[in-house]
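These notes concern the structure reproduced below.
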Amino acid sequence: EPEVTQTPSHQVTQMGQEVILRCVPISNHLYFYWYRQILGQKVEFLVSFYNNEISEKSEIFDDQFSVERPDGSNFTLKIRSTKLEDSAMYFCASSARGESGYTFGSGTRLTVV
Amino acid sequence: AQSVTQPDIHITVSEGASLELRCNYSYGATPYLFWYVQSPGQGLQLLLKYFSGDTLVQGIKGFEAEFKRSQSSFNLRKPSVHWSDAAEYFCAVGAIRGAQKLVFGQGTRLTINP
């Protein structure tokens, strides 16, 4: 069964550093997403991406965040200057058009120290 | 605005007992509804989804859910739970078309007693 692959599975970074979280969506999917889950809390939408541009973003997704699809396979989330409160599990997801629903990756646990 | 409420934060059932996890949603149109399961430290696995048609949907691992429009509910059920079902369960609602953002509930943590 096709999978969404995320790397790394766990990243520790110092406050103020830039991090890039990487995702390889399912190859024929057209829509790409990032979500995050702070420990013990619900999963929250960050951003959706379609046709090489952001289609929707949440209030969480401020100027510190950016997304990119640098080639035909990768989808990245960059946090420019990490804060302690950015510590969370970050999930990438992809979906085909319409009714197909999402496939989530297994997540990257980001720890900011 | 879309919202999802899972009224039960934590449920404990005995192995072999039946299970029902509640989910209520608020959405302005016909929603897409999902149930995901998350084991500790793991990602989100899709259990089942409802888009249209038969309001009783079957999923993986013996789970089913029933969409009741009149009650704005999409409760998850399993007739007999197994110890391996212990996990966090999330209900989510999404739009029908396009880059459908999912809105998740707070989750219900399921504990299984032996």
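The values are calculated or read from the model by the stated rules, or taken from the named source; none is laboratory data. Predicted, not measured: the structure shown is a model, and the values here were computed from it. Quick reminder, even Gly has a Cβ in these numbers, built from the backbone with ideal geometry, and neighbours come from all protein chains shown. Keep in mind that these areas ignore ligands, DNA and RNA; they rest on the heavy atoms of the full protein, side chains included. Shrake-Rupley method; radii C 1.70, N 1.55, O 1.52, S 1.80 Å.
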Next item on the list: Roll a 1.4 Å probe over the protein heavy atoms and report the accessible area of A:Met89 in Å², nearest 10.
Entry: 10 Å²
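Ignoring ligands, DNA and RNA, what percent of the accessible area of the protein assembly as shown is carbon or sulfur (1.4 Å)?
Numbers: 5040 of 10860 Å².
Its accessible area is 46 percent carbon and sulfur atoms.
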Note to self: Using Cα-Cα distances under 8 Å and only pairs 6 or more residues apart, what relative contact order does chain A have, in percent?
What the structure shows: 39 percent
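How large is the charge dipole for the stretch A:4-113, taken about the Cα centre, if only the Cβ atoms of Lys, Arg (+1) and Asp, Glu (-1) carry charge, to the nearest 20 debye?
Working: 10 positive and 12 negative charges, 58 e Å.
Approximately 280 debye in magnitude.
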Note to self: Students often check this: by mean Cβ neighbours within 10 Å, which of A:36-49, A:65-78 ranks highest, and how do the rest follow?
What the structure shows: A:36-49, A:65-78
Notebook entry, point to check: Taking chain B as a Gaussian network, where each spring joins two C-alpha atoms under 10 Å apart, which residue of B:Gln45, B:Gln71, B:Gln58 fluctuates the most?
Noted result: B:Gln71
Checklist line | Average other protein chain Cβ within 10 Å of Cβ, residues B:33-46 | finding: 4
Check: Near B:Lys61, which lysines are there with a Cα under 27 Å away, not counting those fewer than 8 places off in the same chain?
Finding: A:Lys42, B:Lys49, B:Lys78, B:Lys101
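Got the relative contact order for chain B handy, in percent, Cα pairs under 8 Å and 6 or more residues apart?
37 percent
Considering every residue in B:100-111, what mean count of other chain Cβ atoms within 10 Å of its Cβ is obtained? Mind showing how you got there, number by number?
Working: counts 11, 11, 11, 4, 7, 2, 4, 5, 0, 1, 0, 0.
Rounded to a whole number, the mean comes out at 5.
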Checklist line | Gaussian network model of chain B, springs between alpha carbon atoms under 10 Å - residue of B:Arg22, B:Arg77, B:Arg69 with greatest fluctuation | finding: B:Arg69
Next item on the list: Take the Cα gyration tensor of chain A, multiply each eigenvalue by 5, square-root it, and list the three semi-axes largest first, rounded to whole angstrom.
Entry: 22, 14, 13
Next item on the list: Determine how large the accessible area of B:Leu21 is when every protein chain is in place; take a 1.4 Å probe and give Å² rounded to the nearest 10.
Entry: 0 Å²
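Ratio of the stretch B:3-113's C-alpha Rg to 2.2 N^0.38 Å, to two decimals?
Details: Rg = 13.3 Å, N = 111, 2.2 N^0.38 = 13.2 Å.
Normalised Rg, Cα atoms only: 1.01.
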Margin query: Please list log₁₀ I(q)/I(0) at q = 0.11, 0.13 Å⁻¹ for the protein assembly as shown, using the Debye equation with identical point scatterers on the alpha-carbon positions.
Written below: -0.55, -0.76
